[in-house]
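The values are calculated or read from the model by the stated rules, or taken from the named source; none is laboratory data. Not measured: the values here are computed from a predicted model. Don't worry about glycine lacking a Cβ; one is built from the backbone with ideal geometry, like all the others, and counts go over all protein chains shown.
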Amino acid sequence: MIITKQKDIEEIYDMIKPYSKILVAGCDGCCQPPRSINEAKVLAQMLELKARSEGKELKWKAITVLRQCDDRIAATTLRPFIEEYDAIVSLACGLGVGMLNRIIPTILTFPAQNSMFGGVENNSENYFAEYCETCGECLLGVTGGICPMAGCAKNLSNGPCGGQVEGKCEVGGYIHDCAWVKIWERLKKFNRLDLFTNYRPPRNYRIWSSPRFIHIYESSSNIEEKKKEENV
Amino acid sequence: MPKRPAYSNLVKVIRDGKFVITGELEPEKDYDIGHVLHSAEEMKKTGKIIAANVTDGPQGDAYTCSMVPCYLVQEKVGLEAIWQMTVRDRNRIALFGDILGGAILGLKNLLALTGDHTALGDHQRARPVYDLDSTQLIDLVSKMVDDGTDLEGNEIRGGRPQLNVGCAANPNSNPREPEILKVGRKVEVGADFIQTQTSFDVDDAKEFLKELERFNTPVLLGLFPIKNYGIAWYFNENIPGVSVPKEFLTALKKAEKDNKGNKQAKYDAIDKVNLEFYVPFIKEIKKTTKAAGIHCMAVHYERLFQPLLKDL
Ligand code: SF4
Ligand code: SF4
């Protein structure tokens with residue numbers, strides 16, 4: 001899921017200041033914490049109050065979309081309303097905001113959220129944590145399932161650096177686990193220190209460079225076979 | 001891997017079996033690096049310190065680069081430099097370019113480091129690079145020096161740069177095993193020598209050195225003589241994972257207190273504390289371990305060099 005943090009109301013208000021009719025769109029997709037219809041309403045009301053305090057009228061409607069990052073779903077949901085509004089405020093992550101801007105070319109969509117990372121939800125300890133940076137060349141098979149990109153502050157492939165203290169990372173005040181100590185512990189537990197000691201050569205950042213784009217059929221697992229079939 | 005030739009004097013002397021001493025120089029946010037050159041001169045005068053590390057933005061601070069002071073220390077002072085290079089600020093293209101440039105300037109030792117994270121320094125909003133890690137940096141140096149190519153196998157024109165490369169090891173790391181295994185990985189990709197972070201515990205240092213013996217690579221043990229109580233206190237409070245022994249701290253404090261108002265007497269007393277702690281420490285390391293030498297990190301504490309090293 002994409003972990004987001006709502007922007008300051010001042011910042012959101014500044015973005016929509018030039019407009020008097022706004023559509024506030026929540027997202028029921030994976031964005032966490034939830035940013036659905038209720039959150040959309042609350043935000044719209046806050047913006048209205050803010051406008052009023054400046055002596056302005058703000059007309060709004062709050063709705064929610066099943067998944068803003070899906071073009072068909074987003075377009076079908078929003079199309080009936082957009083005529084009446086002169087801007088959209090999206091509570092989705094950056095993917096949703098980007099998608100609305102693409103499929104609704106007539107008005108601008110503004111972000112109400114800062115998208116923080118793709119993360120997991122740990123309910124028992126009340127936190128969201130980043131487990132993967134979508135690097136395109138997954139190393140979890142050699143690291144005992146712990147990601148050295150998301151988990152190590154220095155993205156090391158051959159850690160640990162010398163900065164860990166009692167298994168805690170030098171970055172962030174020695175609170176977070178050092179990913180490489182965790183990797184070592186886990187591989188040791190499974191008697192796979194061979195994986196730990198192996199040298200991992202420099203990574204390929206070419207595949208990690210934006211903009212990234214994959215043809216839908218290309219992302220399927222049997223691409224090699226498909227290619228072969230085409231060649232035949 | 002087969003041993004690479006000794007390109008630097010440091011590696012030559014180590015391979016000759018002499019117990020070597022290296023020092024440490026720290027350019028800061030300086031346009032005038034006179035203090036670095038002065039310190040290098042004092043090291044040279046000892047006749048014992050045969051090379052000095054020049055740091056590369058320690059603690060993640062934006063400081064004067066390492067390469068130019070390295071060059072000046074060699075050119076103006078005639079002391080060999082150990083060029084510290086972190087992977088924090090440069091990607092593989094910049095690292096490659098700098099290494100070639102430094103080699104053209106005659107630098108012979110490179111110490112490959114990860115570098116303290118930008119989040120610890122004075123530009124915390126900077127983008128950390130870490131395109132390569134320190135092991136991969138050693139791999140890069142090996143390719144340049146041994147194969148005469150960059151990481152992609154493209155040939156360097158006009159010959160191969162001639163450098164020896166070192167790596168760091170931290171005796172204070174806890175747990176220690178991943179640290180040791182990591183050092184092994186670095187030796188495997190081409191580290192010629194190892195310099196350790198500071199140790200204050202002779203037994204622990206001996207144990208660490210023993211564990212490193214299996215890599216059959218010379219190790220210089222890091223020691224940190226401390227020139228005033230303030231630094232010792234700061235170090236103790238702010239550098240996690242390392243503690244200055246209590247007796248050492250108290251002795252420094254007492255030396256300052258007892259000699260308030262008399263600068264020379266205070267200096268003498270502080271030096272005495274350091275000498276009483278480090279002279280036997282170094283002797284013990286030299287006598288009982290296979291350490292190739294000592295890396296003495298007494299930055300700006302030049303007056304201690306002579307008395308500390310005279311019997312070595
Ligand atoms: S290595 Fe880490 S960042 Fe890369 S794909 Fe695997 S989990 Fe994601
Ligand atoms: S302490 Fe561990 S997690 Fe933190 S930067 Fe170093 S290797 Fe990475």
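Yes or no, residue by residue, for (1) more than 16 Å from ligand 2 (Cβ to nearest atom); (2) in contact with a Pro (Cβ under 6 Å, 6 or more places away or on another chain); (3) at pLDDT 95 or above; (4) farther than 25 Å from B:ARG157 by Cα:
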{"position": "B:CYS65", "(1), (2), (3), (4)": "yes, no, yes, yes"}
{"position": "B:PRO69", "(1), (2), (3), (4)": "yes, yes, yes, yes"}
{"position": "B:ILE93", "(1), (2), (3), (4)": "yes, no, yes, no"}
{"position": "B:LYS108", "(1), (2), (3), (4)": "yes, no, yes, no"}
{"position": "B:LEU113", "(1), (2), (3), (4)": "no, no, yes, yes"}
field: Some residue of segment A:180-196 being modelled with pLDDT of 95 or more and in contact with a strand residue (DSSP E or B) (Cβ under 9 Å, 6 or more places away or on another chain)
entry: yes
- prompt: If you go through segment A:183-193 one residue at a time, do you hit one that is in a loop (DSSP other than H, G, I, E, B), among the aromatic types (Phe, Trp, Tyr) and either within 24 Å of B:ASN174 (Cβ to Cβ) or within 16 Å of ligand 1 (Cβ to nearest atom) (or both)?
  reply: yes
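For the condition without any contact (Cβ under 8 Å) to a residue 60 or more places away in the chain, of a type outside the set (Gly, Ala, Ser), part of a loop (DSSP other than H, G, I, E, B) and within 10 Å of ligand 2 (Cβ to nearest atom), what is the one hit in A:PRO148, A:PRO202, A:PRO211?
Residue meeting the stated conditions: A:PRO148.
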- request: Output the number of residues of segment A:110-132 satisfying the condition of being surrounded by 15 or more Cβ atoms within 10 Å (Cβ to Cβ) and either of a type in the set (Phe, Trp, Tyr) or free of Cβ contacts under 8 Å to residues at least 60 places away in the same chain (or both).
  value: 5
query: How many residues does segment A:159-175 contain that are hydrophobic (A, V, I, L, M, F, W, C), facing another protein chain (nearest Cβ under 7 Å) and more than 7 Å from ligand 2 (Cβ to nearest atom)?
result: 1
- prompt: Residues of segment B:203-229 being assigned to a strand (DSSP E or B) and either modelled with pLDDT under 95 or among the hydrophobic types (A, V, I, L, M, F, W, C) (or both), which ones?
  reply: B:VAL219, B:LEU220, B:LEU221, B:LEU223
query: Failed condition for B:ASP146, given (1) acidic (Asp, Glu); (2) crowded, with 17+ Cβ neighbours inside 10 Å; (3) more than 24 Å from B:ASP116 (Cα to Cα), with all others met?
result: (2)
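So that you can scan it fast, the table gives a plain yes or no per residue for (1) touching a residue at least 24 places away in the same chain (Cβ under 8 Å); (2) of a type in the set (Val, Ile, Thr):
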{"site": "B:LEU151", "(1), (2)": "yes, no"}
{"site": "B:GLY159", "(1), (2)": "no, no"}
{"site": "B:ALA168", "(1), (2)": "yes, no"}
{"site": "B:VAL187", "(1), (2)": "yes, yes"}
{"site": "B:PHE200", "(1), (2)": "yes, no"}
{"site": "B:GLU211", "(1), (2)": "yes, no"}
task: Please work out which one of (1) surrounded by fewer than 22 Cβ atoms within 10 Å (Cβ to Cβ); (2) part of a helix (DSSP H, G or I); (3) away from chain A (no Cβ under 14 Å) is the condition B:LEU181 fails and give its number.
output: (3)
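Taking A:TYR85, is it of a type in the set (Phe, Trp, Tyr), more than 16 Å from ligand 1 (Cβ to nearest atom) and away from chain B (no Cβ under 14 Å)?
Values: of a type in the set (Phe, Trp, Tyr): yes; more than 16 Å from ligand 1 (Cβ to nearest atom): yes; away from chain B (no Cβ under 14 Å): yes.
When the stated conditions are applied, A:TYR85 passes them.
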Selection within segment A:130-158 - of a type outside the set (S, T, N, Q), more than 9 Å from ligand 1 (Cβ to nearest atom) and either facing chain B (nearest Cβ under 7 Å) or under 14 Å from B:PRO128 (Cβ atoms) (or both): A:CYS152, A:ALA153, A:LYS154, A:LEU156
